[in-house]
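The values are calculated or read from the model by the stated rules, or taken from the named source; none is laboratory data. Quick caveat: nothing in here was measured; it's all calculated off a predicted structure. All Cβ positions, even for glycine, are placed from backbone atoms using ideal geometry, and neighbour counts span all protein chains on display.
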C-alpha cells in the first residue's frame, strides 16, 4: 500500500463534535476539554464557530471559549465563520486561522447557509479577501461530498469545481466532508481522483462521519491515494444539525489506533487522547463513541 509516513490529525470535537449536543455544555468544560486536547500532541484543535446563536445555540459562548483556553505555540486553533460578522468577531477574539464552509449540494447549501452554492461561494470569497488582508490563515470545508440527506447522490464534478474555487480564494487546504456518512472506500478513491484533477492531493483533507460504519475503511482508502490530513472527533462526538440522521464523526481515538498500527507518525499520545474523550463524555453525560476507548475501559475494568 502507498501510505504517507506522517498524518496530520485535525481535531474537530470541540466544534463539530459539540455543536449538536441538545443540552448546553458549560463554557468552563469546553475550555478544560480544549486544553486537554492541546496536551495530546494534536497539531490542530478546532475550537468553536462564530455563528448565529439562533442557528447553533451551543456555540454562543465562542468569544469566552477563545479567551479562556491556554494556547500552545505548536497547536493551531481554527474557528468556523459563516459571514463577515462572524469573521470580525473571530478576529476580535484573537483567531489566527478560520474555516470557511460550503456544500456540494444545492439543497444542503440552502439549509445550512441559507443561500445557493454560488451564493455561499460569494460569501466565502468576501471573507477570504478580508482574511488574506489581515494575515489570517484559511481552511475550506465542503459538506456532502459523497451524498446529501435531501438530494441523495452528489455530482463529483461539482465537488471538484467547488474545491477549486475555495483554493482560488486562498484556502491552504480543503476538507472533503462526508456529512451523512454514506461513502464507501471505492467511492472515496473515485472522488479523490476527480477532485485531484482540480486541487492537488497535498492540499486535500478528509472528514468522515461513521453512520454506516465505513469511516475507518474510507480513511484507509484515502491514505492509499496520498491523503495525509484527517479530520476526526474525540469520542466520536458530533452530528450535523442540518443533516437529519447523520451520526457522529469518526472517533479520533480509533483513527489514531489504526494509524499507529500502520506505523504512521502523528505525534499524538493515545492515552491522553482517551483521557480527553473520557473527560468530555463525563461532563455531557454520554457514552463514548470510540471503540478503542470502550475496549480499554473494559480491559481496565
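A few points about this structure:
- Selection count, the stretch 66-89, where residues are in contact with a strand residue (DSSP E or B) (Cβ under 9 Å, 6 or more places away or on another chain), assigned to a helix (DSSP H, G or I), within 27 Å of residue 268 (Cβ to Cβ) and in contact (Cβ under 8 Å) with a residue 40 or more places away in the chain: 0
- Test: residue 199 is more than 21 Å from residue 47 (Cβ to Cβ), at pLDDT 95 or above and touching a strand residue (DSSP E or B) at 6+ places or on another chain (Cβ under 8 Å): yes
- Some residue of the stretch 60-68 being within 23 Å of residue 205 (Cα to Cα), out of contact with any helix residue (DSSP H, G or I) (no Cβ under 8 Å at 6 or more places or on another chain) and surrounded by fewer than 23 Cβ atoms within 10 Å (Cβ to Cβ): no
- For the stretch 146-176, a tally of residues being outside any helix (DSSP H, G or I) and either touching a residue at least 40 places away in the same chain (Cβ under 8 Å) or in contact with a helix residue (DSSP H, G or I) (Cβ under 8 Å, 6 or more places away or on another chain) (or both) returns 14.
- Some residue of the stretch 124-135 being on the phi > 0 side of the Ramachandran plot and either crowded, with 17+ Cβ neighbours inside 10 Å or not in a helix (DSSP H, G or I) (or both): yes
So that you can scan it fast, the table gives a plain yes or no per residue for (1) at pLDDT 95 or above; (2) within 30 Å of residue 109 (Cβ to Cβ):
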| residue | (1), (2) |
| --- | --- |
| 233 | yes, yes |
| 238 | no, yes |
| 241 | no, yes |
| 249 | no, yes |
| 266 | yes, no |
| 297 | no, no |
| 300 | no, no |
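- Residue list for the stretch 90-105, restricted to those being surrounded by fewer than 21 Cβ atoms within 10 Å (Cβ to Cβ) and assigned to a loop (DSSP other than H, G, I, E, B): 93, 94, 96
- Flag if residue 51 is assigned to a loop (DSSP other than H, G, I, E, B), over 17 Å from residue 248 (Cβ atoms) and in contact with a helix residue (DSSP H, G or I) (Cβ under 7 Å, 6 or more places away or on another chain): yes
- So residue 53, is it more than 20 Å from residue 82 (Cβ to Cβ), without any contact (Cβ under 8 Å) to a residue 12 or more places away in the chain and surrounded by fewer than 16 Cβ atoms within 10 Å (Cβ to Cβ): no
- Scanning the stretch 19-37 for residues that are surrounded by fewer than 24 Cβ atoms within 10 Å (Cβ to Cβ), under 17 Å from residue 249 (Cα atoms) and free of Cβ contacts under 8 Å to residues at least 40 places away in the same chain turns up at least one hit.
- Residue that is in a helix (DSSP H, G or I), within 24 Å of residue 206 (Cα to Cα) and at pLDDT below 95, where the choices are 108, 33: 108
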